[in-house]
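This structure is in structure tokens; I'll ask about it shortly.
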Amino acid sequence: MNWTLTIKEFGPFNNTSLELKPLTIFIGKNSLGKSLILRLLWSLSSAEPDYKEFSKEFMRLGGYSRRENLLLKDKEAIKNYANVYMRAFSFSLLKGIENKIKEIFGKTEGEIEVTSELANIKVSNEAQSILEPSLDKLIDIEINTLSPLNVVFKFKDGENSEYYIKTKEDLDDALDLALLYFTYSRFEPFFQADTNRIFLIDGRAGLTRFFNLKFLKTLDFLDIISKEYLSSYSLLLEDFSKGKVDFNLIKDFFNELGFDLKLIEMEGIKSPHVKMWNGVTLPLSEAPSGIREALPITLALASKEISVIYIEEPEAHLHPKAQRIVAKMISEAVKNGKYVFLTTHSDYLLYSISNLIAMSQKDNKGLDPNKVAVYLLKRDCEYTRVDKVEVNEDGINEDEFTKVAEELLDEKGKIYG
């Protein structure tokens, strides 16, 4: 499902709309807001229901009094109770988004809106946040039998979720499970569980040094995104050890950089090490920078668990051939159903992705152009303008590519004088 993100008066953006696709790429000069967009999207992915606010809204809607008087033999009363529960849950989702944005950015400013054919979510600091339609309008309740009580949650797209209920507690549990499942599955890439998402932030090579045991006590001083990155990375390494990473997707990259990954138990903890091409084994924290930067990217793209990946500058510390392999891995991840959102300054990475799109005309090894969106960020007076770059079956449009290359070369020229 494709979503449209609209950003108004937030950071350097005045009024910007972006169509989000399974592979969405942001390019442009430094300090224009590429990382801000990724952090904003990650905020939406990592947001979760605020159950304290759920309780307040549920009480305001009369949910607790309904529950107290609820008879599990009264079909209409059960349906009405469930609808109130779903409205309060919708409210808690919005509060969860507000909380996460405040946690990441320090405040809720401007207006953020995400829209699809399913629903519209709007978070604003000047007006009440909304989810339209609310979940009680997206899910129908059907009761087939009363003894035993059989409740069916009917999603608008035709899928059903069925539960047998004995007590009011069972009913609440069924509502929670059905609503969480609906939210995670139908609002993807937003509202994703911790194990389903990862943000591969800039400066990964430096953060990887925290895998050294003597640094573990300093993690409390890191910001929330850095801490979650290290936590997610640890889970990725654990998945690798359990065979939950498709090694066929990463072996070419390992061979190109000349290393193998091993987990060696130290002081009761499995510590990541790399065995280099010359036989030397190093702690991951002491591995070459290219490996430290790119290893989490390759593991995430090949993970059988993670479905939403945010990457800042996947090309960092990699030579062109390695970048081409990463581009191919990104393509395979998207074809396997993952969402990948990334920022880049590498025209080589873009050329590689463009070539993979062009290949889709010849065989199934290519990348479907309908699954790709590319955006070029530019300065426009006091704001950042976001231009959509044309992507078709031939890849990234050549004229558009020239504009992108000129922007990137201009930036390099300013850096190197």
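For every other residue with a beta carbon closer than 11 angstrom to the beta carbon of MET1, add +1 if it is Lys or Arg and -1 if Asp or Glu, then tell me the sum.
Numbers: positive: LYS21, ARG186; negative: GLU117, ASP157, GLU188.
Residues close to MET1 contribute a combined charge of -1.
A further question follows. Suppose every Lys and Arg Cβ carries +1 and every Asp and Glu Cβ carries -1, with no other charges. What dipole size does the chain come out with about its Cα centre, to the nearest 20 debye? Let's see the in-between values first.
On the way: 54 positive and 65 negative charges, 147 e Å.
The calculation lands at about 700 debye.
Shifting gears a bit: Only sites in a loop by DSSP and with at most 14 other Cβ atoms within 10 Å count here; which trypsin sites (Lys or Arg not before Pro) in region 284-377 make the cut?
Values: sites: ARG292, LYS304, LYS321, ARG324, LYS328, LYS335, LYS338, LYS362, LYS365, LYS371; in loops: LYS304, LYS338, LYS362, LYS365.
When the trypsin sites (Lys or Arg not before Pro) of region 284-377 are filtered for loop state and at most 14 Cβ neighbours within 10 Å, LYS304, LYS362, LYS365 remain.
Which semi-axes, in whole Å and largest first, does the equivalent ellipsoid of the chain have when worked out from the alpha carbon gyration tensor as the square roots of 5 times its eigenvalues?
On the way: eigenvalues 326, 141, 89 Å².
So the three semi-axes of the chain are 40, 27, 21 Å.
Now, a different point. For the chain, what is the percent of antiparallel DSSP beta bridges, rounded to the nearest 5? The partial results should precede the final answer.
Values: 54 of 74 bridges.
Roughly 75 percent of the DSSP beta bridges within the chain come out antiparallel.
List, in the order given, every pair from LYS52/LYS79; LYS156/LYS378; LYS227/LYS371; LYS102/LYS304; LYS321/LYS388; LYS73/LYS154 whose Cα-Cα distance in the structure shown is over 29 Å.
Details: LYS52/LYS79 23 Å; LYS156/LYS378 40 Å; LYS227/LYS371 31 Å; LYS102/LYS304 31 Å; LYS321/LYS388 27 Å; LYS73/LYS154 20 Å.
Over 29 Å apart, Cα to Cα: LYS156/LYS378; LYS227/LYS371; LYS102/LYS304.
Based on DSSP loop calls and a cut-off of at most 11 other Cβ atoms within 10 Å, the longest stretch of the chain free of exposed GluC sites (Glu not before Pro) is what? Please report the intermediate quantities before stating the final value.
Numbers: sites that count: GLU117, GLU126, GLU267, GLU382.
With GluC sites (Glu not before Pro) excluded where exposed in loops, the chain gives 127-266 as its longest stretch.
Of the trypsin sites (Lys or Arg not before Pro) in region 114-199, which ones lie in a loop per DSSP and count no more than 14 other C-beta atoms within 10 Å?
Working: sites: LYS122, LYS137, LYS154, LYS156, LYS166, LYS168, ARG186, ARG197; in loops: LYS156, LYS166.
Of the trypsin sites (Lys or Arg not before Pro), the ones in loops of region 114-199 whose Cβ has at most 14 other Cβ atoms within 10 Å are LYS156, LYS166.
Roughly speaking, what is the centre-to-centre gap between region 55-129 and region 155-178 when only Cα atoms are used, to the nearest Å?
After rounding, the separation between the Cα centres reads 18 Å.
Mind checking which lysines have their Cα closer than 18 Å to the Cα of LYS275? Skip sequence neighbours fewer than 8 apart in that chain.
LYS275 reaches LYS251, LYS262.
To continue, here is another question. List the trypsin sites (Lys or Arg not before Pro) in region 1-108 that DSSP assigns to loop (not H, G, I, E or B) and whose Cβ has at most 12 other Cβ atoms within 10 Å. Which are they?
Values: sites: LYS8, LYS29, LYS34, ARG39, LYS52, LYS56, ARG60, ARG66, ARG67, LYS73, LYS75, LYS79, ARG87, LYS95, LYS100, LYS102, LYS107; in loops: LYS29, LYS73, LYS107.
Answer by residue number: LYS73, LYS107.
What do you get for Rg/Rh over region 51-186 if you use C-alpha atoms and the Kirkwood form of Rh? Before the final figure, lay out each step's value.
Values: Rg = 16.0 Å, Rh = 15.9 Å.
Rg/Rh for region 51-186 comes to 1.01.
Can you show me the helix-derived [θ] at 222 nm for the chain, built from DSSP H runs with n ≥ 4 at -39,500 (n - 2.57) apiece and divided by the number of residues, rounded to the nearest 500.
For the chain, the value works out to -14000 deg cm²/dmol.
Can you figure out the FRET efficiency of HIS317 with ASP399, using R₀ = 30 Å and their beta-carbon distance, to the nearest 0.05?
In this case the efficiency is close to 0.45.
Every number in this text was worked out from the coordinates using simple rules, so none of it is lab data. This structure is a prediction, so every number in the text was calculated from the model and none was measured. Virtual Cβ from ideal backbone geometry, glycine too; neighbours counted across all protein chains shown.
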